[in-house]
Amino acid sequence: MNYSSHNNLESLLGGPGRIAVLRVLVDAAGPLTGRQVAVEAGLSPAGAMRVLDRLCERGLVVRVRVGRALLHELDRTNELVSRLLLPLFEGERLLAAEAAATHTAHPRAADVNPMIRPHLEAIEQACRRHRVGRAALFGSATQPSHLIVPSDVDVLVTFEPLDPTTKAREYAALAVELERLLAMPVDVMVSTAPRNAIMQAELDRTQVVLYEDA
């Protein structure tokens, strides 16, 4: 395919109107009339048709006549559509979902790994149920990068004042519950447990406190 006339995103996407039409077509379950596209994209029928005409000329949209209606559908076999436009809009959706989760979920969501973010509220609730007064994550679970996939989750806990038997029971129950919740190995470390200088440095560098009761 000759990409000389489609060599940048501005050429492909154009202005807000074209982006709105493309977004509608990407999300559509089937072919749409020009009027349907206009309504979904928030454009006038004439404006939507001008955009659709241009997209058809570029080979990004297929137009077929069914009776008196003209139906439009994204040409997903087109390399520019399959390799550029679809991944672009999918990335937009993922970023929007992540931003929404960050703003509506746990206040420390942005500081932890994306795989762990959806579970922060449940982790905190489990810790509180098992009488943990302070809970923190550390290690790979606190690396906020999609490129890092934690193989386990490290949790640092400080229990409320408990007798040794009760503390041991709550510790064991918490570890089991967290592993079931996260579906991966969980290492629960008690803050009072002895640790070497290397472990202390790791805690100091990566620790993210989920909550700490006064």
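FYI, it's all coordinate maths here, none of it is from the lab. Keep in mind the model is a prediction, meaning the values are calculated, not measured. Cβ coordinates were reconstructed from backbone atoms using ideal geometry, including for glycine residues, and neighbour counts include every protein chain displayed.
The label-point distance for Ala110 and Glu124, in a model that sets each label 7 Å from Cα toward Cβ, rounds to 1.6 nm.
Could you compute the net charge surrounding Ala48? Neighbours are other residues with a C-beta less than 13 Å from the C-beta of Ala48; K and R count +1, D and E count -1. Display every interim value, and only then the final one.
Values: positive: Arg18, Arg23, Arg35, Arg50, Arg54, Arg63; negative: Glu40, Asp53.
Taking every Cβ under 13 Å from that of Ala48, the sum is +4.
The DSSP beta bridges internal to the chain are antiparallel in roughly 80% of cases. Any chance you could give the angle, 0 to 90 degrees and rounded to 10, that helix 197-206 forms with the longest Cα principal axis of the chain? For helix 197-206, the angle is close to 40 degrees.
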